[in-house]
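Undergrad: Pasting a structure below so you can have a look.
The values are calculated or read from the model by the stated rules, or taken from the named source; none is laboratory data. Please read these numbers as outputs of a predicted model, since none were measured by experiment. Ideal geometry is used to build each Cβ from the backbone, glycine not excepted, and the neighbour counts take in all protein chains shown. What goes into the accessible areas is simple: the full protein's heavy atoms, side chains included, and nothing from ligands, DNA or RNA. Shrake-Rupley method; radii C 1.70, N 1.55, O 1.52, S 1.80 Å.
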Amino acid sequence: MSDEINKDPKKLSAVEGMKTSSRGLRADLAEQMADPVTGNVTETGKQLIKFHGSYVQDDRDRRAEREEKKLEWAYSFMIRLRIPAGDITADQWIGLQECCDQNANGTMKITTRQTIQYHGVVKARMKPTMKDFDVLGLDSIAACGDVNRNVISGSNPAIAPFHAEVHEYAAAISEHLLPKTGAFKEIWLDGEKLAADQPGEPDPLYQDRYLPRKFKIAVAIPPHNDVDVFVHDIGLIAIGEGDKFEGFNVSIGGGLGATHGNPKTYPRLGNVIGFVPKDKALETCWQIAAVQRDYGNREDRAQARLKYTLDRLSVDFFKGELEKRLGFSFAPARPVLFTHRGDPYGWFSDHTGQWYNTVFVDCGRVKDDDGYNIKSALMEIAQKQLCAFRCTANQNVMLTYVEEKNKAEIDEILARHGITQGHYTKTKEEAIACVALPTCPLALAEAQRYLPAFVAKVEDLQRKHGLIEEAITTRITGCPNGCGRPYVAEIGLVGKGPGRYVLRLGGDYQGERLNRVYKEEADETEILGELDKLFGSFVKERTSGETFGDYANRTLFG
Ligand code: SRM
Ligand code: SF4
């Protein structure tokens with residue numbers, strides 16, 4: 001395959017130079033973090049600190065006030081932990097909440113990739129925070145940046161007898177694809193310094209250039225598609241025969257980010273390229289990342305994700321190169337059925353008899369809110385050591401490995417804090433919004449701060465049309481990057497400007513079909529007006545068992 005991309009060093013994007021000259025992600029980041037004169041870091045610092053799991057941000061609500069006072073913006077850092085498959089112990093939960101209260105804004109944020117973010121960590125508190133993570137046995141290495149990020153995995157243990165075995169792959173893949181640099185320990189944990197004449201530790205996967213762009217892996221355990229397996233660079237779909245876990249169907253090239261007005265960017269679902277036995281899974285992931293490392297576009301970051309590599313070079317070329325490096329061919333993909341994506345609420349047990357319960361966390365924000373006091377409830381449950389915790393890809397918290405004798409006490413604590421089953425509708429329980437304002441620098445419109453009000457109005461319409469018992473997957477993001485996966489929602493709102501969104505309809509309930517643009521730009525009144533009409537016709541015209549997403553797809557785009 002002749003391909004001119006990446007051949008001319010002058011054409012490479014500026015970030016490429018920052019990576020290769022960083023001496024294993026160090027550059028002068030330690031010095032910048034020690035500089036008390038500014039709360040910010042340089043452009044290179046901004047890029048490199050991502051690989052350490054952090055982004056510099058500012059409070060956008062306070063920009064005008066700061067500018068008026070001739071002060072620099074209110075800079076602080078967001079830190080994203082690396083928690084493969086979202087699993088943490090009760091002690092880790094306590095430590096993280098306490099650390100968040102001391103060093104960040106006190107509100108932990110459960111993300112769509114099963115981990116926890118802190119917001120509002122000022123520069124001087126970065127090292128103490130990272131040290132606290134280390135004491136808890138946690139880190140934020142590679143949670144962001146052009147590397148493989150937090151590996152996510154289907155959270156529902158009742159879904160298959162081999163769930164626990166599959167779940168372990170998330171941690172194993174995460175470790176296998178971790179950058180080899182010691183920069184993290186050096187900068188944040190006062191670890192041993194690399195000699196000044198050394199270029200950085202040898203790293204067979206990432207070398208000195210890392211990947212062309214972010215890289216994401218998700219593991220799904222059918223029939224539950226809570227991880228939205230087809231939107232990741234690699235989607236592994238667990239396949240078992242009876243009680244026995246055998247391996248994975250492999251999907252490659254999913255990704256959602258796009259830019260308004262740039263048709264060269266688009267959301268894309270992955271292509272399933274075949275089946276690999278479980279003992280080949282780690283090597284397969286490693287080699288897919290390596291082929292993307294070698295062929296991904298390093299000139300234009302807007303074209304650098306694996307999805308664009310596949311569309312530029314073809315899926316067949318990529319698969320052929322991959323099989324050559326692996327030394328084996330993929331077997332045909334096995335049949336798979338996905339049925340839903342929402343988390344299971346209420347008590348349920350796994351195949352060993354241990355109990356689980358999902359606690360709904362509105363937009364993933366762990367806070368006490370209007371009598372629904374998640375933060376206090378989860379802290380008390382952790383302090384009493386009643387269970388472990390699992391962040392889900394739907395931004396909720398699952399209480400895990402609960403013994404029968406502890407269920408009643410957990411129920412009592414949840415009830416005392418206003419957390420009862422049926423508190424929210426199904427649509428609300430399955431709704432997702434990204435962070436957006438005030439911390440996300442890319443937000444064009446509100447998302448997490450708007451979703452509760454918007455969903456309440458959708459619920460009113462559902463009540464009006466007798467649809468309130470149905471879950472209609474509703475997702476909002478503040479911009480087209482798609483962090484809340486709005487492109488695979490039945491109702492997707494993608495921020496375009498303050499109070500204005502692209503209205504996308506027609507995704508399916510299982511997450512196997514992209515929705516499409518129904519209105520290029522609309523405000524709340526227009527969106528609700530459209531939904532009112534469509535819910536009305538849906539009730540009259542739906543076929544037996546048809547979901548709203550399938551109906552919208554059939555009648556609007558069919
Ligand atoms: Fe995301 C960038 C938040 C999941 C696609 N995402 C960002 C940044 C870091 C903004 C920035 O670059 O400065 C946001 C930080 C906001 C803040 O204040 O915290 C941000 N993304 C999030 C989170 C926290 C949303 C949430 O509310 O849960 C999710 C954190 C995931 C994690 O724990 O690792 C999050 N982001 C996603 C997802 C969903 C997923 O992976 O399942 C996507 C779509 C899938 C994909 O990657 O294609 C996603 N985020 C993006 C993109 C577009 C990437 C692209 O290929 O174009 C950006 C912008 C970029 O990379 O340039 C972005
Ligand atoms: Fe920010 Fe856009 Fe991601 Fe929302 S979708 S968190 S606005 S980058």
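Undergrad: Would you call Ala85 closer than 22 Å to Val135 by Cβ, assigned to a helix (DSSP H, G or I) and of a type in the set (Gly, Ala, Ser)? Spell out the reasoning first.
TA: Working: closer than 22 Å to Val135 by Cβ: yes; assigned to a helix (DSSP H, G or I): yes; of a type in the set (Gly, Ala, Ser): yes.
It is true that Ala85 is closer than 22 Å to Val135 by Cβ, assigned to a helix (DSSP H, G or I) and of a type in the set (Gly, Ala, Ser).
Undergrad: Does Ser314 count as open to solvent by 40 Å² or more (accessible area, probe 1.4 Å) and on the phi > 0 side of the Ramachandran plot?
TA: Working: open to solvent by 40 Å² or more (accessible area, probe 1.4 Å): yes; on the phi > 0 side of the Ramachandran plot: yes.
Here the answer is yes, as Ser314 does meet what is asked.
Undergrad: Related question: Any idea which of Leu493, Leu461 is of a type in the set (A, V, I, L, M, F, W, C) and within 16 Å of ligand 1 (Cβ to nearest atom)? Before you say what the answer is, go through the steps one by one.
TA: Values: Leu461 fails: within 16 Å of ligand 1 (Cβ to nearest atom).
Answer to the selection: Leu493.
Undergrad: Of the residues Ala433, Ala393, which single one is at pLDDT 95 or above, under 19 Å from Ala158 (Cβ atoms) and within 16 Å of ligand 2 (Cβ to nearest atom)?
TA: On the way: Ala433 fails: under 19 Å from Ala158 (Cβ atoms).
Ala393 is the lone residue from the list that is at pLDDT 95 or above, under 19 Å from Ala158 (Cβ atoms) and within 16 Å of ligand 2 (Cβ to nearest atom).
Undergrad: Let me ask something else about it. If I filter region 63-77 for residues that are aromatic (Phe, Trp, Tyr), within 30 Å of Val402 (Cβ to Cβ), touching a residue at least 24 places away in the same chain (Cβ under 8 Å) and not in a loop (DSSP other than H, G, I, E, B), do I get at least one hit? Don't jump to the end; show me each part of the working.
TA: Step one: of region 63-77, the residues aromatic (Phe, Trp, Tyr) are 73, 75, 77.
Narrowing further to those that are within 30 Å of Val402 (Cβ to Cβ): none.
Checked against the condition, which is being aromatic (Phe, Trp, Tyr), within 30 Å of Val402 (Cβ to Cβ), touching a residue at least 24 places away in the same chain (Cβ under 8 Å) and not in a loop (DSSP other than H, G, I, E, B), region 63-77 yields no hits at all.
Undergrad: Which of the residues that make up region 8-38 are closer than 20 Å to Arg213 by Cα, under 29 Å from the mean Cα position of the chain (by Cα) and open to solvent by less than 50 Å² (accessible area, probe 1.4 Å)?
TA: Scanning region 8-38 gives Ser13, Val15, Glu16, Gly17, Met18, Lys19, Ser22, Gly24, Leu25, Arg26, Ala27.
Undergrad: Say we look at region 53-83 and pick out the residues that are touching a Leu at 6+ places or on another chain (Cβ under 9 Å) and of a type in the set (Lys, Arg); which of these is farthest from ligand 2 (Cβ to nearest atom)?
TA: Within region 53-83, the first condition is being touching a Leu at 6+ places or on another chain (Cβ under 9 Å), and the residues that meet it are 53, 60-61, 65, 81-83.
Okay, now just the ones that are also of a type in the set (Lys, Arg), so 60, 82.
Values: Arg60: 11, Arg82: 18 Å.
Per the criteria, the residue is Arg82.
Undergrad: Now a separate question. Can you spot a residue in region 275-298 that is closer than 30 Å to Leu503 by Cα, within 22 Å of the chain's Cα centre (by Cα) and open to solvent by 10 Å² or more (accessible area, probe 1.4 Å)? It would help to see each step written out before you state the result.
TA: So the first thing to find is which residues in region 275-298 are closer than 30 Å to Leu503 by Cα, and the list is none.
Within region 275-298, none of the residues are closer than 30 Å to Leu503 by Cα, within 22 Å of the chain's Cα centre (by Cα) and open to solvent by 10 Å² or more (accessible area, probe 1.4 Å).
Undergrad: Considering each residue of region 332-368, count those that are among the charged types (D, E, K, R) and open to solvent by less than 50 Å² (accessible area, probe 1.4 Å), and give that number. Give the derivation first.
TA: First, the residues of region 332-368 that are among the charged types (D, E, K, R): 334, 341, 343, 350, 362, 365, 367-368.
Now narrow it down to the ones that are open to solvent by less than 50 Å² (accessible area, probe 1.4 Å): 341, 343, 350, 362, 365.
Total meeting the criteria: 5.
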